[in-house]
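In what follows, a single structure is set out as structure tokens and then discussed.
Nothing in this text is a laboratory measurement; each read-out follows from the coordinates by a stated rule. Computed from a predicted model, the values in this text were never measured in an experiment. For neighbour counting, all protein chains shown are included, and Cβ atoms are generated from backbone atoms with ideal geometry for every residue, glycine included.
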Amino acid sequence: MTYCVGLLLNEGMVLLSDTRTNAGLDNISTYRKMYTFEDPGERVIVIMTAGSLSVTQTTLSRLREAVDDPEATPETSIMLAPTLLKVADIVGDMLAEVRGEVDEKISAMQGATASLIVAGQRKGGAMRLFLIYPEGNHIEATEDAPFLQIGEHKYGKPILDRVIKPTTSLLDAQKAVLLSMDSTLRSNLSVGMPLDLAVIAKDDCKVTHKRRIEAGDKGFQAMSEAWSRALRDGFGRIEI
């Protein structure tokens, strides 16, 4: 399993994913779950994946093939699509197509499922953040719901519910998603490091900041320990 989260804020977008994939306790691997498509200054698209690795890797491979196709059109290439909504439609259609093919080939799996988060902005357009369901349909982040999650999301959701607003700064947003991930790492062994963090500042149309956080990262460890102390201290001060 995995955990990915994306935030849509006034200042930009913050995206975080883990890299653990497991098919049982004795078959745990590390695979990247965050993929970037960029024409810096013109368009940036980041896709994060959760679910069946065969479905997500095939979907991303075909999306890249469509981008590189000399005969690509705005109907087939996410780098030519006129809007981010059209990008989400292209990604959703591809996911549904691949999922259907895998289901047919591997009926013993009783259905191969996967979901994606698509974030991006094109020059002159608004920042947009979508969650693509296995069936290919999608929902979009809004001011009332400025973050989206896929995978093992329940452990990391409470802190986001309490602190994330559209006005949250990019710095505080990075802190929030990292603490959200820390809570998930502590509670679910199917989520694991390294982590991939990406920040897209509004109107930059490129990944402004990218960071890979390895196991044993001192900064992440210090943040985790500080959060644990803050929770213990806060718990101790509450009266019943």
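See the values below:
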| read-out | value |
| --- | --- |
| Semi-axis lengths (Å, descending) of the ellipsoid that matches the C-alpha gyration tensor of region 135-195 | 20, 17, 10 |
| Relative exposure of E38, E143, judged by other C-beta atoms within 10 Å (fewest first) | E143, E38 |
| Residue order, fewest to most beta carbons within 10 Å, for T36, T59 | T36, T59 |
| Cross-link pairs beyond the 30 Å C-alpha cut-off, checked among K33/K175; K86/K218; K165/K206; K86/K157; K105/K206; K33/K123 | K86/K218; K105/K206 |
| Nitroxide proxy distance, nm - points 7 Å out along Cα→Cβ at T167 and N137 | 3.5 nm |
| Sum of side-chain charges, S224 neighbourhood, beta-carbon under 11 Å (Lys, Arg +1; Asp, Glu -1) | 0 |
| Distance from region 65-138 to region 153-196 (C-alpha centre basis), Å | 25 Å |
| Summed side-chain charge close to D196 - residues other than D196 whose Cβ falls under 14 Å, Lys, Arg +1, Asp, Glu -1 | +3 |
| Relative contact order of the chain, pairs being alpha-carbon contacts under 8 Å that are 6 or more residues apart, as % | 28 percent |
| Principal axis dimensions, largest first and in whole angstrom, of region 1-142 by Cα | 47, 34, 24 |
